[in-house]
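Enquirer: Structure provided below as structure tokens; questions to follow.
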Amino acid sequence: MEVDNTFDTLRKKLLELGDNSLEKSYFPHMQDKLIRLQMFRELIDYAGIGVFIVKLPSYSIIDVNQAASNLVYFEHKKLIGTSFKDLIEKPISEILDHLYDNFSTKTLTRKASLKTKLGFNVVVEMNIQLSSLDDMFYHIILVKDIASIIKYESSTSTDESTFKHIFNSTHDAIFVHDFHGKVIEVNNTVLEMYDVPHEVALDFNISDYSGNPKQLENIPEILGMVEPGKDLVFEWLARQPISGRTFDVEISLRKTSWNGMESIIAVVRNISGRKYREASYKSNEDRYKKILDTITDYIYTVEISNTQPVRTIHYPACKTVTGYTHLELESNPFLWYQMIFPDDVQMVTHNAEKIIKGENVGTYEHRIIRKDGQVRWITNTPVLHFDEYNNLLSYDGIIKDITERKEMELHLLQNEQKFKNLFQKLNDAMVLLEYETIVNCNSNSLKMFKLEKKSFVSSSIINYIGDKSIENITLFRNKITEARNGIPQFFEFTFQKATQECFHAEVNISHLENTITQVIIKDISERKIVDDKIKAINEFNALVINSINALIVVLDNNACIISYNKSCERLTGLKEKDVIGKYFWEVATLPEDIQLLKSTLLQKITTRDTFTTEHFWLSSTNEKRWITWNSAVLKDKDGIVSHVICSGIDITERKR
């Protein structure tokens, strides 16, 4: 069958892309096609995807695009003819050799470092394709700078609920296991990928999830190769432990600390589909399409004539971003502008006017209103094309939906502002520690410790402990360690101000992120003084009540006993702890007198301020003793009965 390789046909194939954004490979089918695809190299350059074409087995660079030159700070002509191995580290060099020696494996993706002319390394994601043409072998190497992504990921912090959400919503299966292969935890994707219920997933060893018996011999060696802070990435044959079904996976191992125990976290990605796709990619046109798939979500082209737009071509992927088909957009030339969010119309219009004049406005952000009414954030990257006289012929707009990123940025900004407001407005002292060193504090901390910020920050919290005994210092350090391990600490402690004055405080220590702990200190010195006074008064009152011969019973407003002095204990033989909470008439009263005493007592409590009653009590020897009671009713400021104090005298001898 004759293949139509005209320029317009190739260009249309490259632009009419699907909705997926997968890491794909770049490989020119023939040298003359590279010339005809020069315009599309500009698109690739603008998107920052570097392309190296490396001849094997010499690893000599025979061509690069501008983005690759910019990435390593070398001029294009300086790179041509040099060895690609001079730009990479030894492990990646060995991977390239392995790929060349094992032609069955044609594609690999790795994170790597590229050496630059300026002496520093740049972190990239590297997609390596092994291809042949006219009995010659080549590596087509696609590199993308991911340093900013790594920096962004390392700067964000998440709380426990966010971590659990991410842990269980990721498309990759995640195992946490010890160095003997015992599974400690798994995420939801493991349950789906390996078809096991959670209640039995932890009962299997990591070897039970492996599909090739020969691989099991290598597990101890592989686990021994895992180094702290580094990912060990390799491909593996996985197995569903119940059904026995096997499938290809890519595994990334890293040492971690899980609940205080050194463990290994294994991130497993099912690459069965990728393996199948790699085997089915046969044409070079497909390779070009994959590159462009990774660069954009949606492309449109505006054709210019005499400095005026005359036609706009929207490609099928536009429906994913806008909700409109390319036919709807092309049938209504004003529909794109009608989608622009009202507050952004002026900015977008201004940029469009500058583009028509041939000015490069760069990537800009704005909002659109989708067909379904949703407001979405997008980036618009115009790529301008000129003729030999520098007249603008057309420009391509590269559209990417960034709504999720913008929402995350707004969420982080709001949370940061809330924390700053809370940090400064908190009535108590708030101190942030890195291990024991103070790295930040609020204004109340400075007032509490009588210090200026420049003296307080960067000093050790240990300096402000009131009693600097070894036991006290060790206790406080242990509290910090426990909090950093995820166990919040609440306790009372004594601190010392810069004036050498000590004060009592309630302390709350909790883990914030990484090595940072948050310490909230509440000065309770005044409360401690009041508590000590109340304690002394209560002890004095108890001493007085228990030292007199009279029978003293204190009741609440329901006539339940809340205090019972020693004289009562001696007479009845009942201890205070045994009668607390019981009704007055339930204690030592003759059974035949209970109802009368109950009705009399309740009636007088509610109607009298003081009253007198007489009735029998049974002594510890079961002897009837005649007691006369003088009672005083105490009320609160609202006139509600709070307590009844009953003072009794044994008048048995007088009655006789």
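The values are calculated or read from the model by the stated rules, or taken from the named source; none is laboratory data. These numbers come from a predicted model, not from an experiment. Neighbour counts run over all protein chains shown; Cβ positions are idealised from the backbone, glycine included. Ligands, DNA and RNA are stripped out before the accessible areas are found, and what is left, the full protein with its side chains, is counted by its heavy atoms. Shrake-Rupley method; radii C 1.70, N 1.55, O 1.52, S 1.80 Å.
Enquirer: Residue by residue through segment 317-330, what is 3J(HN,Hα) from phi via Karplus (6.51 cos²θ - 1.76 cosθ + 1.60, θ = phi - 60°)? Round to whole Hz and write x for glycine and proline.
Expert: Once rounded to whole Hz, the list reads 5, 4, 5, 4, 7, 9, x, 9, 6, 5, 5, 5, 5, 6.
Enquirer: Given a 1.4 Å probe and every protein chain left where it sits, what share in percent of the accessible area of segment 115-269 is carbon and sulfur?
Expert: Working: 4510 of 8680 Å².
Taking all protein chains in place, segment 115-269 shows 52 percent carbon and sulfur surface.
Enquirer: Taking every pair of distinct Cα atoms and averaging 1/r, then inverting, what Kirkwood hydrodynamic radius in Å comes out for segment 311-391? Mind dumping the intermediate values first?
Expert: On the way: mean 1/r = 0.0725 Å⁻¹.
Over segment 311-391, the inverse of the mean reciprocal pair distance is 13.8 Å.
Enquirer: Note down the net charge around Lys55, summing +1 for each Lys or Arg and -1 for each Asp or Glu among other residues with Cβ under 13 Å from its Cβ. Working shown, then result.
Expert: Numbers: positive: Lys85; negative: Asp63, Asp134, Asp135.
After counting each charged neighbour, the total is -2.
Enquirer: What does the charge count near Lys450 come to, summing +1 for each Lys or Arg and -1 for each Asp or Glu among other residues with Cβ under 11 Å from its Cβ? Before the final figure, lay out the partial values.
Expert: Details: positive: Lys447, Lys497; negative: Glu452, Glu501.
Within the 11 Å Cβ shell, the charges total 0.
Enquirer: I'd like the Karplus ³J(HN,Hα) series for segment 252-265: coefficients 6.51, -1.76, 1.60, θ = phi - 60°, whole numbers in Hz, and an x wherever there's a Gly or Pro.
Expert: The phi angles translate into 10, 9, 8, 6, 8, 10, 10, 6, x, 10, 5, 9, 10, 9 Hz.
Enquirer: So which aspartates and glutamates can Lys497 reach, going by Cα to Cα under 19 Å and dropping same-chain residues fewer than 8 places off?
Expert: Within the straight-line cut-off, Lys497 pairs with Asp428, Glu436, Glu452, Asp467, Glu506, Asp523, Glu526.
Enquirer: Over segment 170-286, average the accessible area per residue using a 1.4 Å probe and give it in Å², no decimals.
Expert: On the way: 6390 Å² over 117 residues.
Value returned for segment 170-286: 55 Å² of accessible area per residue.
Enquirer: So, one more: Of the accessible area of segment 563-656, with the probe set at 1.4 angstrom, what percent is carbon plus sulfur?
Expert: Working: 2910 of 5610 Å².
For segment 563-656, the apolar C and S fraction of the accessible surface comes to 52 percent.
Enquirer: Same structure again: Ordered by residue, what ³J(HN,Hα) values in Hz, to whole numbers, does segment 230-245 give under the Karplus form 6.51 cos²θ - 1.76 cosθ + 1.60, where θ = phi - 60° and Gly and Pro are x?
Expert: 10, 8, 9, 10, 7, 9, 8, 9, 8, 9, 6, x, 8, 7, x, 5
Enquirer: Under 5 Å between amide hydrogens, which residues at least 5 positions from Ile402 or on another chain qualify, with H placed 1.01 Å from N in the peptide plane?
Expert: Trp377, Ile378, Thr379
Enquirer: Students often get this wrong, so check it: of Lys78/Lys144; Lys468/Lys535; Lys111/Lys400; Lys357/Lys400, which have C-alpha atoms separated by over 26 Å? Please list the in-between numbers first.
Expert: On the way: Lys78/Lys144 20 Å; Lys468/Lys535 28 Å; Lys111/Lys400 24 Å; Lys357/Lys400 24 Å.
Over 26 Å Cα-Cα: Lys468/Lys535.
Enquirer: Separate question: Under a 5 Å amide H to amide H cut-off, with H placed in plane at 1.01 Å, what residues pair with Ile174 once short-range neighbours are removed?
Expert: So Ile174 has HN proximity to Asn187, Thr189, Val190, Val268.
Enquirer: Just read off the accessible area of Phe490 with the full protein assembly in place, 1.4 Å probe, to the nearest 10 Å².
Expert: The accessible area of Phe490 comes to roughly 140 Å².
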